[in-house]
Amino acid sequence: MERHVETMTFSVEQARQVMATQCPFCSVQCKMEVVEDRSGRRPTYQVTAIPNKASEGRLCVKGMNAYQHAVSRERLLHPMIRKNGKLTQVTWEEALEAVSSRLSGLQAEHGAHAVGMYGGGSLTNESAYLLGKFARVALQTKYIDYNGRFCMSAAASAGVKTFGIDRGLTNKLSDIPLAECIILAGTNIAECQPTLMPYFTRAKENGAIIIVIDPRVSATASIADVHLQVKPGMDAALVNGMLKVIFDEKLIDEAFIKSRTKGFAEVKEHLDSLDLSEMADITGVSLELIRKAAISFGKARTGMVFTARGVEQHADGHMAVRNFLNMVLATGKIGREGCGYGAVTGQGNGQGGREHGQKADQLPGYRLIENPEDRAYIARVWGIEPEELPGKGVSAYEMMELVHSRDIRGLFVMGSNPIVSNPNAVLVEEALERLEFLVVADMFLSETAKLADIVLPVTSYLENEGTMTNLEGRVLLRPAGRPAPGEARHDWQILCDLAYWLGKEKYFTFRQAEDIFNELRMASRGGIADYYGITYERLRKEEGIYWPCPSLDHPGTPRLFGERFAHQDGLAVFQSVDSQSPAEQPNHEYPLYMTNGRMLSHYLTGVQTRRSPVLAAREVENILEIHPSTARKYRLEDGVLASLQSVRGTVIVRAKVTSDIREDTLFIPMHWGDAQNVNRATPALLDPNCKMPDFKTSAVKVQPLAEYLLEEQEKGLMKE
C-alpha cells in the first residue's frame, strides 16, 4: 500500500530553476543559490553564495561543486533487491515488503535485538530524530548508533562532564576576531572548514596570537605564530606542560576559579608533581615552545580554544579534551566576548545528529535513555508506555563487533558507509558479509551498499527539506529546490513507509518534514538541547536560531555560561589528567606512527565528493605523506605506490614526500575505500568514556609496493 506524502513537482516546460539551499558537507552549513538551466542541449548550473551569519557569504570548492553529485548519472533511482547474486530493480512495494518481512522474521527467530540501525551525522534533524524513534518504537531494538560517534563523541562527553552541556561552540563565530590568543588543536580548519578561515585571519589582523597543535605543517599551521608539532596521541601531556607553566607563572584567574568552578585543588596538586622537561621529552615539543604557547594564552585578556579530531580520535580523547577545558577554566576564558571553547564538528549535522536520539544512550533533547524521568517523558510524546522503550545499546564500532559475532543478524544502514569509516575495517567487512540481511539507504552504490541485500534510493540535499544544526549550535532550515529524481524517496519517508509495513503506522503519520520537526520540538522540550521555541516560520524569518530556545518568544542562546554552567550547582568541573602515551606504540616490526585526516576536496568516505567530476579530478587517489628522511630510509620515492601495513591490514597508496610532517609519523587521508582505505590499518581501541576509536595512532611499517608484492609471492610459494 502506498502512503500519501507531499512532494514538490515542477512542470516539464520549466527550463530555469532557482534553488536556495545550503552546502551538504561540513558543519558551517554555508548558504547558497543553485540555478539549474535546462534550456540547452545539456543542463547547466550556476552556484553563488548567499550572505549568512556563519560563513558571511563564502563558499569553498566543495560547496561550489556539491550540486554535481546531486545530478550525477550514478545516482540510485530505483529500489534494488539482490537476486541470484545481482542487485535487480524492483518496485517500492516489493522492496518495502521484503525489508519488513526479513527484519520481522529475524526478530521473531532471534529476538528484537537481533536487528540494528546505523545512522549518519549528515542526516537532517528530522531524519535523525525519526531514525531513533523508528529503532525504538517500530523495531523495539536497543541497537542504534551512528557515524557521528567517530566525530564528536570525545568532545561531547568532555563538555558534558566539564560544563554540564555539549554544544559545539560555547559562543558565536563572530567572537573569534575578538580573541587575543587562539589555540587550534588537532584541527585543520583551512581544509576542513575553509570558509571559517577569514575569522582567524581577522583575529591575526587584530593582533591575536594563533597557536596550532598538529604533527603536520597543515594549511592551518601555516598561519600559526606558534606551531607545536606534537607526537601523535600526546596532546593531554602537552596541555599538562602548558598548564604547569600557566600555574607557575601565576597566570590563572583566581576569582573565576573560586566562584565558578570546583576540583581545582586536585588539578594543581597533580601539576605540581610534573616535570616540565619530561613533558617536553615525551611530547616531542621543546620546552621553549611549550612555555611560549602557555604564556601567550595565559597573558591574553581574551582567548578561545578549538579542538577537532586530531585531539579527540584517541583512546584518551575524552581526557585530552578535558585538559584543554582545564586550561580554559584556569584562565577564566569562557562565558564572555572573545572567550570560549569550540569543538569543530566535521559532519554537516554532527551537532544536531547527536542531540535527538540516534546515539545509543540518548533520547531526543539530549535526554538519557536510562533515566526514568526522561523515558517517561518521551514515552508520553510517542504515545507508548515507558517499559516499551528498549535500554541502552552500544557504540557504532561495537555494533560491528556484534555483527561479526552474529549477535546482530540484520542491519539497516542509512546515510553512512561503515565499511570505510569504521576502524579495523578488515573485521568490519567480514562482519557485514556475515549478516543474514543488510539494507542500505543511500544516494549511491557505496562500498557498503555493494554488499547489501536491498538498496533503497534516497534524495539529496537539493531535494530534501529539513533542519540542520551547525557547529555553533545554530539551527538552520534547508529548503528543497527540485523534485526527487526517478523513484528516490526522502530518508524519513522511507522510515514512515516501513513503519506501515511493520504495523506501526500510527506512530509515523508524518506528511512533511515540518510535521516531524514539530514533534521533535515537543520531544526536546525541557531537555538540555531544547528546540521547543524554534519553528519553521521563525527559521524562515530569522535565518537561524541558537539552542537552547525554550519558548516561542525566546531569542535563542548565542553564548553559553555567562552566569552559570549547566550542572545543577552551576559550577564547572576541573579534572586532573594523566600524561598517557598512545596505547599502541611503534616497535621493531612496526616502527612508525600513522595518523589520518581530511583533504580540502573531499568529505568523509568520499561517497558524494568522488561523484563530483571537479572534486574527483583535484585528488584522484589517496596519498601517503612521508618525511624525506623517512622516505629514504624505507626506499620510497615521491609518486611511487607504497604498501603500509599494521597488524590488522594493508593499505596501498601513493607516496607524497614532504617535510611538512614529523619524521616518525605518516599521514593518510580517510576518503577512499577498498585497498586505499586507511582504516584497514587502524586499531579497534576505544575510549572508555565515550567509545571513540583511536584512529590517530597506529603502529605501522611501510615499503615500496613492488617489494611487498614480491614478499607476498615468496610467502605463497613457500606455503605451496
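Observations on the model:
- Scanning segment 419-450 for residues that are in contact (Cβ under 8 Å) with a residue 60 or more places away in the chain and of a type in the set (S, T, N, Q) yields S421, N422, N424, S446.
- Hits in segment 392-446 - residues which are acidic (D, E), farther than 22 Å from L87 by Cα and either at pLDDT below 95 or assigned to a helix (DSSP H, G or I) (or both): E398, E401
- Being open to solvent by less than 10 Å² (accessible area, probe 1.4 Å) and assigned to a helix (DSSP H, G or I) is a property that A631 has.
- Flag if R648 is open to solvent by 10 Å² or more (accessible area, probe 1.4 Å), in a strand (DSSP E or B) and not small (G, A, S): no
- Pick from segment 653-670, criterion surrounded by fewer than 20 Cβ atoms within 10 Å (Cβ to Cβ) and part of a strand (DSSP E or B), ranking: farthest from the chain's Cα centre (by Cα): V657
- Search result, residues across segment 638-657 that are of a type outside the set (G, A, S) and in contact (Cβ under 8 Å) with a residue 40 or more places away in the chain: V640, L641, L644, Q645, V647, R648, T650, I652
- The residue that is surrounded by the most Cβ atoms within 10 Å (Cβ to Cβ), counting only those in segment 372-393 that are in contact with a helix residue (DSSP H, G or I) (Cβ under 9 Å, 6 or more places away or on another chain) and under 20 Å from V160 (Cα atoms), is G393.
- Evaluation of A237 against the conditions (1) surrounded by 20 or more Cβ atoms within 10 Å (Cβ to Cβ); (2) not in a helix (DSSP H, G or I) shows that the sole unmet condition is (2).
- Subset of segment 296-329 (residues that are over 20 Å from the mean Cα position of the chain (by Cα) and farther than 17 Å from D578 by Cα): S296, F297, G298, K299, A300, R301, T302, G303, M304, V328, L329
- Qualifying residue in segment 37-52 (condition: touching a residue at least 40 places away in the same chain (Cβ under 8 Å), in contact with a strand residue (DSSP E or B) (Cβ under 8 Å, 6 or more places away or on another chain) and closer than 30 Å to N171 by Cα): yes
- The one condition in (1) in a loop (DSSP other than H, G, I, E, B); (2) modelled with pLDDT of 95 or more; (3) crowded, with 19+ Cβ neighbours inside 10 Å that E584 fails to fulfil: (2)
- Enumeration of residues in segment 451-479 that are open to solvent by 20 Å² or more (accessible area, probe 1.4 Å), out of contact with any helix residue (DSSP H, G or I) (no Cβ under 6 Å at 6 or more places or on another chain) and either without any contact (Cβ under 8 Å) to a residue 24 or more places away in the chain or within 27 Å of H356 (Cα to Cα) (or both): P479
- Subset of segment 313-353 that is of a type in the set (A, V, I, L, M), out of contact with any Phe, Trp or Tyr (no Cβ under 8 Å at 6 or more places or on another chain) and in a helix (DSSP H, G or I) - its residue that is most open to solvent (accessible area, probe 1.4 Å): M319
- Leading residue by the ranking (farthest from N125 (Cα to Cα)) among those in segment 513-527 that are open to solvent by 50 Å² or more (accessible area, probe 1.4 Å) and not in a helix (DSSP H, G or I): G526
- Strands (runs of 3 or more DSSP E) fully within segment 150-232 counting 1 or more residues that are farther than 16 Å from G597 by Cβ, touching a Leu at 6+ places or on another chain (Cβ under 8 Å) and in contact (Cβ under 8 Å) with a residue 24 or more places away in the chain: 209-213, 226-228
- Every pair of residues 6+ apart whose Cβ atoms lie under 7 Å, when the first sits in segment 501-512 and is crowded, with 20+ Cβ neighbours inside 10 Å while the second is among the hydrophobic types (A, V, I, L, M, F, W, C) and at pLDDT below 95: none
- Inspection of segment 358-365 finds a residue satisfying the criterion of being open to solvent by 10 Å² or more (accessible area, probe 1.4 Å), among the basic types (K, R) and closer than 29 Å to E447 by Cα.
- Unmet requirement for K244, which otherwise passes all of (1) without any contact (Cβ under 8 Å) to a residue 60 or more places away in the chain; (2) charged (D, E, K, R); (3) open to solvent by 30 Å² or more (accessible area, probe 1.4 Å); (4) assigned to a helix (DSSP H, G or I): (3)
- Boolean, L539 is open to solvent by 10 Å² or more (accessible area, probe 1.4 Å) and farther than 22 Å from L363 by Cβ: no
- Restricting attention to segment 587-606, the residues that are touching an Asp or Glu at 6+ places or on another chain (Cβ under 7 Å) and assigned to a loop (DSSP other than H, G, I, E, B) total 5.
- Some residue of segment 395-410 being out of contact with any Phe, Trp or Tyr (no Cβ under 8 Å at 6 or more places or on another chain), within 29 Å of V475 (Cα to Cα) and among the polar types (S, T, N, Q): yes
- Counting the residues of segment 688-703 that are assigned to a loop (DSSP other than H, G, I, E, B) and in contact with a strand residue (DSSP E or B) (Cβ under 8 Å, 6 or more places away or on another chain) gives 5.
- Scan of segment 671-687 for residues that are outside any loop (DSSP other than H, G, I, E, B), open to solvent by 10 Å² or more (accessible area, probe 1.4 Å) and either in contact with a helix residue (DSSP H, G or I) (Cβ under 7 Å, 6 or more places away or on another chain) or free of Cβ contacts under 8 Å to residues at least 24 places away in the same chain (or both), ordered by number: R680, L686
- Contact map, segment 92-115: first residue within 18 Å of I408 (Cβ to Cβ) and β-branched (V, I, T), second residue open to solvent by less than 50 Å² (accessible area, probe 1.4 Å) and assigned to a helix (DSSP H, G or I), Cβ cut-off under 8 Å, separation 6 or more or different chains; pairs are V99/L498; V115/L103; V115/L106; V115/Q107.
- Per-region count, segment 209-220, residues open to solvent by 10 Å² or more (accessible area, probe 1.4 Å) and in contact with a strand residue (DSSP E or B) (Cβ under 9 Å, 6 or more places away or on another chain): 5
- Segment 76-111, residues that are more than 15 Å from L435 (Cα to Cα), aliphatic (A, V, I, L, M) and open to solvent by less than 70 Å² (accessible area, probe 1.4 Å): L76, L77, M80, I81, L87, V90, A95, L96, A98
- In segment 265-292, the residues that are part of a loop (DSSP other than H, G, I, E, B) reach residues that are modelled with pLDDT under 95 and surrounded by 18 or more Cβ atoms within 10 Å (Cβ to Cβ) with C-beta atoms within less than 9 angstrom, at least six apart or across chains, in these pairs: L274/S579.
The values are calculated or read from the model by the stated rules, or taken from the named source; none is laboratory data. Keep in mind that what you see is a predicted model, and the values were worked out from it rather than measured. All Cβ positions, glycine included, derive from the backbone under ideal geometry; neighbour counts span all protein chains shown. Heavy atoms of the whole protein, side chains included, go into the accessibility calculation; ligands, DNA and RNA do not. Shrake-Rupley method; radii C 1.70, N 1.55, O 1.52, S 1.80 Å.
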